[in-house]
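Step one of this worksheet: look at the structure below.
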Amino acid sequence: MACVLAPAVGPAACRNPGDPLGPERFYTVRAPAAGVRSAPAGSVLADPLEVVVTDSLGVPKRGVVVRFRVVSGRGGAVLDSLVPTDAGGVAVTRVRLGAERDTVVVLGAIPGREEVGARFVLVGTAAARIDALRPAAAVGGDTIEVVGAGLARPGVPPVVLVGASRARVVGVQGDTVLRVVVPPCVAAGAAPVTVQAGAVATAPASLGIGESSRPLALQQLEATTVAGADAAGCVWLPGDGARYLLFPQLASTEDRSPARPFALAHDFVAAADPAAAVESAPPAGTTPAHAAFTRVLRAAEWRLAREGIAAESEALAREARVRRPTAAGDLAPLSGNLVPEPPAVGSERTFRVLSRLDGSAYANAASRLRYAGQSVLIYEDRAAPEPVTDAAVQRLGDLLDRTLHPLDVETFGAESDVDGNGRVIVLLTPIVNGLTTREQCGNEGFVRGFFFGADLGTRNQNSNRAEILYALVPDAAGTRSCPHTTSDVMRALPSTFMHEFQHMISFNQHVLVRRGVEEITWLNEGLSHMAEEIGGRLFERRYPPPLNRPFSAQILPDSAIPFYRGDIDNALLYLASPSATSLSAFQELGTLEERGASWLFLRWLVAQRGESILARLVQSPRTGRANVEEVAGEPFPALFADFVVALSADSVIGLPRTRVPARYRFGATSLRRLLTQALNRDSRWPIPVRFGPVGGTALSATLVPGSWAAFDVSVPRGRPGALRLTTADGAPFGAGAEAQLGILRLSP
């Protein structure tokens with residue numbers, strides 16, 4: 001496509017006279033940080049590539065899609081090639097350099113206008129390497145030094161493999177020396193040693209392995225994980241009377257499959273004092289009606305993604321721009337800075353709303369606009385049994401529009417704007433209440449609200465062709481389903497908005513912008529539950545102790561509790577049944593327990609990498625496990641193993657949290673305290689820790705993919721204790737199960 005330069009606004013500005021968006025459209029694409037950048041060959045650049053898109057007046061443009069691509073050099077890869085600009089007109093991506101030392105040039109430009117994009121020159125320096133192993137021979141349990149260059153990256157723990165087994169890293173000196181403990185059970189002979197630091201992997205170095213292994217030498221609150229067939233071999237713990245928690249686990253992310261029996265053979269004794277374990281567990285949860293309904297929505301959205309909803313949404317947005325000229329005579333951008341005036345409060349609009357849980361029927365909702373903000377419109381169905389007061393609607397609207405909408409966007413990314421109005425519609429309608437009967441509401445729960453991707457396209461004849469979230473209404477008399485008071489609904493709607501708006505943002509980022517498929521369910525739901533917590537964290541920062549707390553010992557301010565309540569309840573259910581609950585292989589749209597698992601996993605990941613990791617997970621062309629591994633820079637089994645240890649190690653009774661390694665903590669607040677005290681009720685720590693019989697008898701239970709169990713044992717003084725994790729018949733687990741055995745030392 002030809003591009004006419006506009007000298008008045010610089011060499012990176014361009015307009016296309018044939019552009020249907022308007023012949024007067026000028027955009028400048030520039031890179032704020034110029035200069036040559038370098039990184040080890042094979043690594044991901046530490047800093048992202050960033051461009052800023054502005055119009056002819058220098059105003060940043062939001063929602064403009066920038067394409068990044070490698071235009072010269074060998075082997076470089078852009079991790080996210082299609083990126084929409086944010087409210088500041090900024091689009092960012094990350095680049096992995098090729099395995100060979102080379103110079104790579106990356107272009108960031110508006111599609112069709114590549115002639116005037118911003119260029120980045122990236123130089124691959126010497127790749128990460130191992131120069132020496134000191135000593136060059138060892139047995140399992142020995143500590144060795146790995147010496148080389150580029151062996152560690154800031155903020156990303158290095159992963160050292162000896163053969164196929166993960167070694168325990170006990171010391172890091174810059175990026176040149178790692179002190180590691182050789183894992184047990186590595187077969188005698190020459191074993192390859194490799195180091196992975198983020199996305200960088202070294203060539204292997206050879207370590208001579210002797211015939212026997214030493215007992216694992218762990219200090220108090222240190223942990224290690226033995227993976228695969230090695231866990232069925234020769235794991236030994238020293239005979240010093242120490243107490244351990246053992247975590248057999250399956251790190252597989254395969255589809256849900258029947259529970260697999262396992263055996264954990266040992267010759268220890270049960271722990272004498274179960275103080276660090278838990279006392280009792282709450283009852284198991286059930287699949288709520290909301291999950292069943294969400295299954296229908298997500299299945300339909302997967303079909304839409306494959307049938308081309310991205311093109312439909314693009315066409316809708318183009319029509320909206322043509323329909324909505326700005327006061328200046330220009331045409332409003334997809335999600336631009338010039339937001340058109342909203343409809344008048346009191347104006348009416350009829351929406352089509354899903355009216356059955358199975359997705360088979362729709363109903364009309366003749367509605368009146370109650371609130372009009374810069375980012376949010378609130379409509380209320382005229383059939384609402386108890387219309388919300390003007391004051392309540394104003395408070396809700398101001399919270400969503402001025403606080404929660406920008407918070408979700410800042411945390412996860414931008415939503416689409418197919419109708420060109422620059423706003424998200426929230427529809428309060430009793431049709432949502434009526435999705436469940438009174439009986440279902442009591443037995444299976446109810447639907448608080450939902451987002452449906454079909455509203456962003458044209459294929460579905462019931463599409464509202466707008467960004468819209470649906471929510472229930474007050475109905476204290478229970479005329480449509482179970483009763484919901486006005487105060488209950490007003491407390492629930494902010495967290496519901498945060499949850500469902502994340503789904504809308506994710507759909508835009510994965511499906512509409514990058515033309516892929518929706519995020520995998522376990523990660524998508526986990527991110528939406530994290531969105532709820534992000535809302536709660538805002539009020540924690542706004543009201544530090546003792547503000548907004550009726551009691552001096554109250555952990556959370558009252559305003560934060562509604563955002564946390566559901567997540568804490570789900571987490572307690574998960575921890576009560578971890579061996580039957582999968583983190584990464586949900587039953588359909590996820591039980592309450594599974595949602596608790598995904599929230600806790602992402603909560604731990606945020607504690608390790610910071611909140612910015614949430615945006616990188618959403619603004620990604622990848623999904624599920626591949627997405628997590630790319631963004632976190634670690635293999636999923638390593639993340640899962642340390643997450644499992646952290647669930648217990650974060651807050652051991654009688655030990656200060658300052659002694660717990662950061663890798664095994666859930667941020668600043670004790671996990672035990674948050675889950676058991678934050679809701680101002682007496683909740684007991686639910687992890688069911690099992691105690692093994694005395695002497696040699698195998699412990700046994702079952703696991704599903706993505707789950708774990710906990711056993712509390714002590715090693716008798718005077719003789720080492722042996723461990724073997726196998727299938728029920730004593731054979732090693734197959735590689736597909738990704739069986740692992742985590743070991744945490746509790747006593748000094």
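Values in this text are rule-based calculations from the coordinates and carry no lab data. If you're wondering where the values come from, they're calculated on a predicted model, not measured in any experiment. Counting neighbours? That spans all protein chains shown, and the Cβs are built from the backbone with ideal geometry, glycine included.
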Exercise for review: Report the paramagnetic label zone for T103: residues of the range 52-66 whose backbone N is under 20 Å from a point 7 Å from Cα along the Cα-to-Cβ axis.
Suggested key: none
**Study point:** Karplus 3J(HN,Hα) series, Hz, for the range 83-89 with 6.51 cos²θ - 1.76 cosθ + 1.60 (x for Gly, Pro)
**Key:** 9, x, 6, 8, 4, x, x
Check your understanding: Ratio of the range 286-515's C-alpha Rg to 2.2 N^0.38 Å, to two decimals?
Key -> 0.98
Review point. Based on Cβ point charges of +1 for Lys and Arg and -1 for Asp and Glu, what charge dipole magnitude is obtained for the range 128-214 about its Cα centre, in debye rounded to the nearest 20?
Key: 160
Point to revise | Part-to-part distance (alpha-carbon centres) for the range 652-731 and the range 434-481, which is given in Å | key: 40
**Study point:** Percentage relative contact order, the chain, counting C-alpha pairs under 8 Å, at least six apart
**Key:** 19
Point to revise | Unit charges on C-beta of K, R, D, E only; dipole of the chain, Debye | key: 840
Exercise for review: Give me the angle, in degrees from 0 to 90, between the Cα long axis of helix 592-609 and the longest principal axis of the Cα atoms of the chain, rounded to the nearest 10.
Suggested key: 80
Study note, to complete from the structure: So the angle from the long Cα axis of helix 309-323 to the longest Cα principal axis of the chain, reported in degrees to the nearest 10, equals 30
Study note, to complete from the structure: Counting Lys and Arg as +1 and Asp and Glu as -1 over every other residue whose Cβ sits under 15 Å from the Cβ of V660, the net charge comes to +4
Review point. With point charges of +1 on the Cβ of Lys and Arg and -1 on the Cβ of Asp and Glu, referenced to the Cα centre of the chain, which listed residue (S487, P720, S584) lies farthest in the positive direction of the dipole?
Key: P720
**Study point:** Acute angle (nearest 10 degrees) that the helix 636-649 long axis makes with the longest principal axis of the chain, alpha-carbon atoms
**Key:** 80
Check your understanding: So for the range 286-515: antiparallel DSSP bridges make up what percent, rounded to the nearest 5?
Key -> 65
Practice item. Normalise the Cα radius of gyration of the range 505-588 by 2.2 N^0.38 Å (N = residues in it) and let me know the number. Key: 1.40
Study note, to complete from the structure: Residues whose built amide H sits under 5 Å from the amide H of L469, excluding neighbours closer than 5 in sequence, are I425, V426, L427
Check your understanding: Summing -39500 (n - 2.57) over the DSSP H runs of n ≥ 4 in the chain and dividing by its residue number, what mean residue ellipticity at 222 nm do you reach, to the nearest 500 deg cm²/dmol?
Key -> -7500 deg cm²/dmol
Review point. At 20 °C and 1.002 mPa s, what whole-number value in µm²/s does Stokes-Einstein give for the translational diffusion of the range 128-214, with Rh from the Kirkwood sum over Cα pairs?
Key: 172
Review point. Which order results if V106, V339 are arranged by neighbouring Cβ count within 10 Å, fewest first?
Key: V339, V106
Practice item. Would you be so kind as to identify which of L572, Q220, V704 lies farthest towards the positive end of the dipole of the chain, taking Lys and Arg as +1 and Asp and Glu as -1 on Cβ and the Cα centre as origin? Key: Q220
Exercise for review: Quick one: net charge around Q394, please, counting Lys, Arg +1 and Asp, Glu -1 for every other residue with C-beta under 14 Å from its C-beta.
Suggested key: -1
**Study point:** Neighbourhood net charge (14 Å Cβ-Cβ; Lys/Arg +1, Asp/Glu -1) for A118
**Key:** +3
Practice item. For the range 54-67, take each phi angle, set θ = phi - 60°, evaluate the Karplus expression 6.51 cos²θ - 1.76 cosθ + 1.60, and give the result in whole Hz per residue in order, putting x for glycine and proline. Key: 10, 8, 5, 9, x, 7, x, 10, 8, x, 7, 7, 10, 9
